[in-house]
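Worksheet: the structure to be examined is printed underneath.
The values are calculated or read from the model by the stated rules, or taken from the named source; none is laboratory data. On a predicted model such as this, the values are computed, not experimentally measured, just so you know. All Cβ positions, even for glycine, are placed from backbone atoms using ideal geometry, and neighbour counts span all protein chains on display.
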Amino acid sequence: MGADLPIIGISGNVSVEKNGRFPGYRSVFAYEDYVTAIEDVNGAALILPVTTNSAVIERHAAHIDGLLLTGGSDINPLFYQEEPLEKLQQLSSERDRFEMALVRAVINAGKPVFGICRGIHILNVAYGGTLYQDLTYYPNVSVKHKQQSGPYEVSHTVHVQQGSYLYDVLGEKVWTNSFHHQAVKEVAAEFVVSATSDDGVIEAIEMRDKSFVLGVQWHPERMVNHHGNMRKLFADFVECAKES
Ligand code: MN
């Protein structure tokens, strides 16, 4: 029965124990709502631990049917050739290297990728794009992008480009949640912008000529139980993984 469920790799995060019995101990994890969002649309979620072993990364890329890139800390600006600015936050260069190698291998293999929050940044930087290290460095920012309300509450609107995949699912305007302090600056040549907020901040990108390589700045996995169209993004992603 379950043999036909596509395997969706979920990029893992690292946490370092601060208190408890073993301060400094590291664990790998992913928030559970990524897992349930995939399982709810008939995908088999598999959390992939951060590694810089290229043979392991290649094996993961060959094994999975699709890749979900999850949220997390800032990307080291050295990967887009910028000096670190004052408002840059916590980095995890090891995870940056892991995810960029993994995403390139998965895309080269023709498999779908869904990048969420930090995931849209990884997609962009892996293909030569750049980021605003903090939204205060974007001169036209006027919308609050770090909401104080709960995870599934929506906070600002997003305008979707006609002709994009996202437009088919979400229509021209959609309310999203927003939990970011960085954003895409220069878009990598392989991608097109498919959504922006009122102030012009890039909220989604799609890879040209690929059936499903999508990055979104908001957190659809926190919205799936309240907003059917966000669930549809996961359903399409898993469907595409099944066909890949
Ligand atoms: Mn936003």
**OP:** Might you let me know whether region 145-167 holds any residue that is more than 11 Å from the ligand (Cβ to nearest atom), of a type in the set (A, V, I, L, M), in contact (Cβ under 8 Å) with a residue 12 or more places away in the chain and touching an Asp or Glu at 6+ places or on another chain (Cβ under 6 Å)?
**Re:** yes
**OP:** Could you identify the single residue in 154, 106, 141 that is of a type in the set (A, V, I, L, M, F, W, C) and more than 25 Å from residue 38 (Cα to Cα)?
**Re:** 141
Subject >> Matching strands (runs of 3 or more DSSP E) fully within region 37-124 where at least 1 residues are of a type in the set (Phe, Trp, Tyr) and within 12 Å of the chain's Cα centre (by Cα) >> reply: 113-116
Original post:
Is it fair to say residue 206 is away from the ligand (no atom under 16 Å from the Cβ) and in contact with a Leu (Cβ under 7 Å, 6 or more places away or on another chain)?
Top reply: yes
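Within region 209-229, which residues are closer than 15 Å to residue 120 by Cβ and either in contact with an Asp or Glu (Cβ under 8 Å, 6 or more places away or on another chain) or within 14 Å of the ligand (Cβ to nearest atom) (or both)? It would help to see each step written out before you state the result.
Step one: list which residues in region 209-229 are closer than 15 Å to residue 120 by Cβ, which gives 210, 212-221.
Listed by number, the residues that qualify are 212, 213, 214, 215, 216, 217, 218, 219, 220, 221.
Can we say residue 184 is at pLDDT 95 or above, more than 14 Å from the ligand (Cβ to nearest atom) and touching a Gly at 6+ places or on another chain (Cβ under 7 Å)?
On the way: at pLDDT 95 or above: yes; more than 14 Å from the ligand (Cβ to nearest atom): no; touching a Gly at 6+ places or on another chain (Cβ under 7 Å): yes.
Taking the combined requirement at face value, the residue does not satisfy it.
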